[in-house]
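Just below is one structure, and these are the notes that go with it.
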Amino acid sequence: MSAFPEFIPSKLSFHLDSRLVTAVAVAAALYYALYRLQKVKIHPNEPPIVASKIPFVGPLVGMVLDGGRHVKSIGLLNRDKPIFTLPVPGSRIYVVTDPALAAAVQRASKELSWTPLIPELTKRVMGLDADTVGVVAQNLDPEPDEPHGFLADLHDMVYAYLGPGESLNALSLAAARELGRQITAHAAQLEQQSETVDLLAWVQHFVTIGTAQYLYGPENPLARDPRLEQAFWDFDHGLGRLLLGFAPSLVARKPYRAREALVAGLEEYLSAGRHEVGAAPIVQRRIEIAHLHGFSVAATARSELSFLFAGIVNTATSTFWTVLQVCARPALLAAVRAELAAVVEETATGERRLSMEALKGACPTLHAVFLECLRVGSDSYTSRLVKNDMLLAGQWHLKAGSVVQIAGGVLHADPGIWGADADAFDPARFIRLGEGKVLPAAFRPFGGGKTLCPGRHFATHEILAFVAMIVLTFDLEAVHSDENISVPPKEDRVLPVHILEPRTDVFVKVRVRDARAVVVV
Ligand code: HEM
């Protein structure tokens, strides 16, 4: 009697134990097989494979959990490899960490292209409908004698408009004057008081409102509905979740709702013809191109949100770092102010005049701080789809359908390019290195090759002018007067879609130093 009930559990436990052992053994064998499999090259000349502890899905899990830092840290650990392969399910990611090879990727623009990735990305991030995605996907990389699709037309127009010349100068002045008006108005409002501000939010506010104004005119959606300013940053901060492309209204609720609110505002703006009242010519031309390619008003609104995004986010974050790095270092602040004092002209009407030419040519310290902020703050990736199997630089076999990523963050941290102190913030390196000494492909805050940011000249003018106006008008101090302003590290555990934000908020005390208007001419 008594043996029976005892016998059953022990038999059961034997069965359970053996099943568990079998399951563990099968799992271990499967893991081992997958681990070995990920190391198998598709071609003998494929770039060396960096195996992941979680075969195939490891790089994707790492990117979701740790953002751009995941691939960057793999790149830093594998500095000896100019290019390496990360196997992912059904495909490969080739990561480039060498400047000469980055230049080769940029030159091979026929075989390695960014544009085929755009339709899916814009569908996910901007919420474009299927018909418009179909239009966007047409004639992506046309030869000169072939018909141009929407993206190719837009690309040509934007690059021509923002290239050196009259239209660039006019837009740069419009931007600097708009930001100048805001600075002067803020100084007048502050008078003798001081205010404690979150520096990033403070700068973002001026740039967001100012950019919407000089690009989209006085009837821009953000001017008509101030709630859209917060929506803009909610959209920006949730971009990574939107990019996942899975049930965005649930998984990415906040950025999804923010985006839809911005799109509704832009749709109303376009339907009411508000762009005809003072929108910049580049915006008018963009709207015309969308119309010519059969975009609906709703789809045009989504396309314009992408341009507003391009105009605001990097400018705001780069301005924040430049102001912070200058104001956190008394000697640097003194040097920048001395440069500016030498070029500012005082007028009989009590204004201060600052010429854009002098800002670009006679303020090397300010310019160097801006460039060093870009180097230190940019971990961006330049991505290309491999259209056909190819041999890169005569050496590396790349498989069609894979993605090549030039790792800006690894290149920006490379002591072989920047010197042994590559980890340190040192603007003087740009003065020491001088023009032309660093391979353009090694300095990548603006990307490179066919997708090199068309707004780079404009952004440089705008940011130099804006930072100059801030340091000429305000004094920034640490909240506790016995301390210096401190500079936190960047938050690199996110998708590096733009110059990275600080890991912690930076609060500073702002006082008016000189309330006279600075007019950029
Ligand atoms: C410091 C400020 C800026 C930085 C760091 C920056 C950086 C970038 C980067 C990294 C790219 C992608 C390049 C690539 O994939 O190779 C890009 C593209 C672009 N940027 Fe900028 N940008 C800045 C300011 C601006 C401004 C102010 C505008 C316009 C007013 C602008 C317009 C664009 C546009 C339209 C594209 C897409 C180009 C294409 O068609 O491929 N950017 N930018």
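Within the same chain, lysines fewer than 8 places from LYS41 are excluded, and of the rest, those with a Cα less than 28 Å from its Cα are LYS53, LYS72, LYS81, LYS110, LYS387, LYS399. Coupling constants for the range 383-389 follow from the phi torsions by the Karplus curve (6.51 cos²θ - 1.76 cosθ + 1.60, θ = phi - 60°), and in residue order they are 10, 9, 8, 7, 6, 9, 3 Hz; glycine and proline get x. Which net charge results when you count Lys and Arg as +1 and Asp and Glu as -1 among the other residues whose beta-carbon is under 14 Å from that of LEU76? Here the count lands on -3.
Basic side chains Lys and Arg get +1 at the Cβ, acidic Asp and Glu get -1 at the Cβ, and with that the dipole of the range 262-326 about its Cα centre reaches some 140 debye.
For LYS437, a cut-off of 20 angstrom between C-alpha atoms picks up these lysines, skipping any fewer than 8 places away in its own chain: LYS360. Just want the answer: with Cβ charges of +1 for Lys and Arg and -1 for Asp and Glu, which residue in GLN193, VAL105, SER378 is farthest toward the dipole's positive end in the chain? Positive-end residue among those listed: VAL105. Among ASP198, ASP426, sorting on how many other beta-carbon atoms sit within 10 Å of each Cβ, with the fewest leading, yields ASP198, ASP426.
Comparing PHE425, ALA413, LEU439 along the charge dipole axis of the range 399-447, the residue lying farthest to the positive side is LEU439, per the Cβ-charge model.
For the range 397-462, the set of trypsin sites (Lys or Arg not before Pro) satisfying both a DSSP loop assignment and a count of at most 11 other C-beta atoms within 10 Å is given as LYS437.
Antiparallel beta bridges, as assigned by DSSP with both residues in the chain, represent about 80 percent of the total such bridges. Each peptide in 374-381, 224-231 was scored by the mean count of other Cβ atoms within 10 Å over its residues; highest first, the order is 374-381, 224-231. Shown here for the range 20-106: trypsin sites (Lys or Arg not before Pro) in loop regions (DSSP other than H, G, I, E, B) with at most 15 other Cβ atoms within 10 Å, namely LYS39, LYS41, LYS53, ARG79.
Counting only Cβ charges, +1 for Lys and Arg and -1 for Asp and Glu, the dipole size of the chain around its Cα centre is about 1460 debye.
When each of the peptides 504-514, 325-335 is scored by how many other beta carbons lie within 10 Å of its residues on average, the order from highest to lowest is 325-335, 504-514.
Radius of gyration over Kirkwood radius for the chain, both on Cα atoms: the Rg/Rh ratio is 1.04. Packing here is the average count of other Cβ atoms within 10 Å per residue, and on that basis the peptides 470-481, 173-184, highest first, run 173-184, 470-481. Residues in the range 504-521 carry Karplus couplings, in order, of 10, 5, 10, 9, 9, 9, 10, 10, 7, 9, 8, 7, 5, 4, 9, 10, 8, 10 Hz; the curve used is 6.51 cos²θ - 1.76 cosθ + 1.60 with θ = phi - 60°, and Gly or Pro positions show x. Candidate cross-link partners of LYS509 among the lysines, defined by an alpha-carbon separation under 23 Å and a same-chain spacing of 8 or more, comprise LYS490. If you line up the long axis of helix 227-237 against the longest principal axis of the chain, both from Cα atoms, how many degrees apart are they, to the nearest 10? Approximately 40 degrees, to the nearest 10. Calculated FRET efficiency, ALA272 to ASP66, Cβ-Cβ distance, R0 = 45 Å: about 0.50 to the nearest 0.05. Couplings for the range 406-420, taken from phi via the Karplus curve 6.51 cos²θ - 1.76 cosθ + 1.60 with θ = phi - 60°, read 8, 8, x, x, 6, 4, 6, 10, 7, x, x, 9, 9, x, 4 Hz in order; Gly and Pro are left as x.
Relative to the longest principal axis of the Cα atoms of the chain, the long axis of helix 364-377 lies at roughly 20 degrees. Say each of THR22 and GLU191 gets a label point 7 Å from the Cα, pointing the same way as Cα to Cβ; how far apart are those two points in nm? Going by the 7 Å Cα→Cβ label model, 8.5 nm.
Each label was represented as a point 7 Å from its Cα along the Cα-to-Cβ direction; for ALA29 and GLU483 these points are 6.0 nm apart.
Percent of alpha carbon pairs in the range 102-164 separated by more than 16 Å? Considering the range 102-164, 55 percent of its Cα-Cα pairs are separated by more than 16 Å.
As I understand it, the value is the acute angle between the Cα axis of helix 281-292 and the longest principal axis of the Cα atoms of the chain; what does it come to in degrees, rounded to 10? Helix 281-292 sits roughly 50 degrees off the main axis of the chain.
Laboratory data are not the source of any read-out in this text; all were calculated from the coordinates shown. A quick note: this is a predicted structure, and the numbers were derived from the prediction, not measured. Cβ: placed from backbone, ideal geometry, glycine included. Neighbour counts: every protein chain shown.
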